[in-house]
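Nothing in this text is a laboratory measurement; each read-out follows from the coordinates by a stated rule. Just so it is clear, the model here is predicted, and its values are computed rather than measured. Note that each Cβ is placed from the backbone with ideal geometry, even for glycine, and that neighbours are counted across all protein chains shown.
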Amino acid sequence: MNAIYLVLGAAFVFVLAYRYYGAFIAAKVLTIDESRITPAHQLEDGQDYVPTNKWVVFGHHFAAISGAGPLVGPVLAAQFGYAPGFFWILAGAVLAGAVHDLVILFASVRHRGRSLTEIAREEVGPVTKVAGTVAVLLIVLLAMAGLAIVVVHALKDNVWGTFTIGTTIPIALFIGIYMRYLRPGKIGEASVIGATLVLLSVAAGPYVKQSALASWFMFDEQQLKIILPAYGFVAAALPVWLLLAPRDYLSSYLKIGTVFALAFGVLMLRPEIHMPAFTTFVYGGGPIIPGPVWPFVFITIACGAISGFHALISSGTTPKLLNSEKDMLMVGYGAMLMEGLVASMALVAACVLLPGDYFAINTSPAAFEKLAASGNELFRIVNLPQLSQMVDMDLAGRTGGGVSLAVGMAYIFSSLPGLKGWMAYLYQFSIVFEALFILTTIDAGTRVARYILQDALGNFYTPFKQVSWVPGMLLSSIVVSLGWGYLLYGGTVSSIWPIFGTSNQLLATIALAIGTTVILRRTKNWIYSLITALPMIFLGVTTITAGILSIYNSYLPKGMILNTVLMVMMIVLILIIIVDAIRSWFKAMAKESPNYVDVHYKPM
């Protein structure tokens, strides 16, 4: 199987979906109206509500939603073969993920930029608001820990990578000041300057590694588990225009540029997919994901197909930045399709590796030794020693998916004319590419969790509901950062990632249930509600099944009591929300006309 067919097939499907299905939802189902004033204008405060250029908003939104999921998930799911993950990415992104993101973004904009839980209270009822607040806070803490653990494994004992990632912070601060005060509106200038500085920091990495400064950027796993939550606190507390928006904007175009460069490399080289379409692990017993392909491929590949975390961004930072409702289609639906393309490319990068090399990187040495002893040709190491020498790092047993993805990307890039001797640079560039994906999500995720916590605390003390109130902002940021930092500090990839994937898809189920209510209350044609209701049913059944299997086959046998308690809590909360949402659906459908009165409407 040649990789070019997967790349061209994915691009073709996503272009058609944006042109027809996305446009249909925006025009007919949601009836987006560019004459309406958006929350960014109505509530402009210079801190969180800031009218922003659509390309900057797209960059921020894409960067914020594109965390570890579209990179790591497809790589880990490759153990089932390339086919299950690829077809889930296509179907999930078009029919579920992009719809989910667009509908929740629409709902938040129409509710003055409010969070998902506040939307749930107004659209469904107080029961869903309370259950949703608890569920969302639990899930977002698990999501932050799940995303951060991948960065920890990519940057530990990696001076080059840590230096480059660290320099993106002052670069973003400079670009934020540049666009707001020095050269307002000069987006092109800022983009060129920022991208150039980031690339220079990548190039400077090996010199720093060999210099006396190296010890300043050498961190072990536990140190990084403290540094990352501290960074999350700073990113959540600073004004959105100063760090979060410019950093996300810069990194998003670095990401998109890298993905298109990778696609160009595949088109030029036409590498073979060495992983079979299906492996024997589709029935379970895999060394990376122990469960069968259903339901586990659907929770392993989250952000590349559908991700509940996106609902937090679509009802968090993004609706507070939109300049016009007409930008919703590009930002909400388009960014998710772009993420689907990223996930497709990540799957290709993993599957061009020979299977034995892939499994040797993604399993512990002890586990791989048992696999190799079986005599199965699938587990024969071929190029791994040579690859390790080329990137100047021992690659065996570097689990988590991030390293094998970086190796696959560097292997494709280094095969292009003129790049053969640059494998080490290309590997580190790929690590930076991955880490930027994830850290921008941590930026926005911590900030969104802060909004949700402030909303909840505002029920007890009203000033908390003012997101710009400094004491509430600082206290909420500290609590959120400590919460996911605690989970991160005591966790590993094997303990955090599975529950992160399950909780993430349960959150998507909640968002789709709320989105269905939003549609039913605004339209006479109940058929339109199926665009969210059908994905909700499939995802809910699949994810709850995965949660129950994880409890009985993994958590309880291994004595993972905390994971068991968290999973049971989330499943119960999701069931409460779904039942309450279904009640609201029947209530809405009983009306002969839409029963929604838009009290927030204001024309531009």
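Of all lysines in the structure, those lying under 19 Å Cα to Cα from K129, and not within fewer than 8 positions of it along the same chain, are K465, K587. Listed by chain and number, the lysines whose C-alpha is less than 19 Å from the C-alpha of K255, apart from same-chain residues fewer than 8 away, are K54. Within straight-line reach of K420, meaning a Cα separation under 17 Å, sit the following aspartates and glutamates at least 8 residues removed in sequence or on another chain: D392. Database remark: amide H of T52 closer than 5 angstrom to the amide H of N323 (H placed geometrically; neighbours at sequence offset of 5 or more, or on other chains; Pro and chain starts carry no H).
Between I537 and R19, the distance separating the two model label sites (each 7 Å from Cα on the Cα→Cβ line) works out to 3.1 nm. Plugging the Kirkwood radius over Cα pairs into Stokes-Einstein for the range 248-296, at a temperature of 37 °C and a viscosity of 0.692 mPa s, what D comes out in µm²/s? Stokes-Einstein gives a translational diffusion coefficient of 237 µm²/s. Pull out a ≥ b ≥ c, the square roots of the eigenvalues of the alpha-carbon gyration tensor of the range 118-250, then state rounded if a/c is under 1.5, prolate if not and a/b is larger than b/c, and oblate in the remaining case. Taking the square roots of the gyration eigenvalues as a ≥ b ≥ c, the range 118-250 is oblate.
If we count every other residue with Cβ under 14 angstrom of I177's Cβ, Lys/Arg +1 and Asp/Glu -1, where does the sum land?
Working: positive: R180, R183, K186, R247; negative: E189.
Net of charged neighbours comes to +3.
When the helix-only estimate is applied to the chain (DSSP H runs of n ≥ 4, each -39,500 (n - 2.57), divided by the residue count), what is the mean residue ellipticity at 222 nm, nearest 500 deg cm²/dmol?
On the way: 24 runs with 388 residues, N = 604.
Value at 222 nm, helices only, nearest 500: -21500 deg cm²/dmol.
Can you grab the distance from the C-alpha centre of the range 1-69 to the C-alpha centre of the range 293-344, Å, no decimals? Centre-to-centre (Cα) distance: 8 Å. Overall shape of the range 37-98 was characterised from the C-alpha gyration tensor. The equivalent ellipsoid obtained from it has semi-axes of 35, 13, 8 Å, in decreasing order.
Assign one of three labels to the range 195-312, namely rounded, prolate or oblate, based on the Cα gyration tensor with a ≥ b ≥ c the square roots of its eigenvalues; rounded applies when a/c is under 1.5, prolate when it is not and a/b is larger than b/c, and oblate otherwise.
Working: a/c = 1.67, a/b = 1.46, b/c = 1.15.
Prolate is the answer for the range 195-312, as a/c is 1.5 or above and a/b outweighs b/c.
Tell me the angle of helix 54-65 to the major Cα principal axis of the chain, expressed in degrees between 0 and 90 and rounded to the nearest ten. Taking Cα atoms only, the helix is inclined about 60 degrees. Packing order of peptides 307-315, 517-525, highest average first: 307-315, 517-525 (average count of other Cβ atoms within 10 Å over each peptide's residues).
Projecting label points 7 angstrom from Cα along Cα→Cβ for Y489 and N53 puts them 4.2 nm apart.
Taking Lys and Arg as +1 and Asp and Glu as -1, the other residues whose beta-carbon sits under 14 Å from that of A302 total -2.
Going by a ≥ b ≥ c, the root eigenvalues of the Cα gyration tensor, does the range 105-155 fall in the rounded group (a/c under 1.5), the prolate group (a/b larger than b/c) or the oblate group?
Values: a/c = 5.62, a/b = 2.07, b/c = 2.72.
In terms of gyration-tensor shape, oblate.
Calculated from the structure, Rg and Dmax of the Cα atoms in Å equals which of (i) 22.7, 74; (ii) 25.9, 92; (iii) 27.4, 105? Checking each listed value against the structure points to (i).
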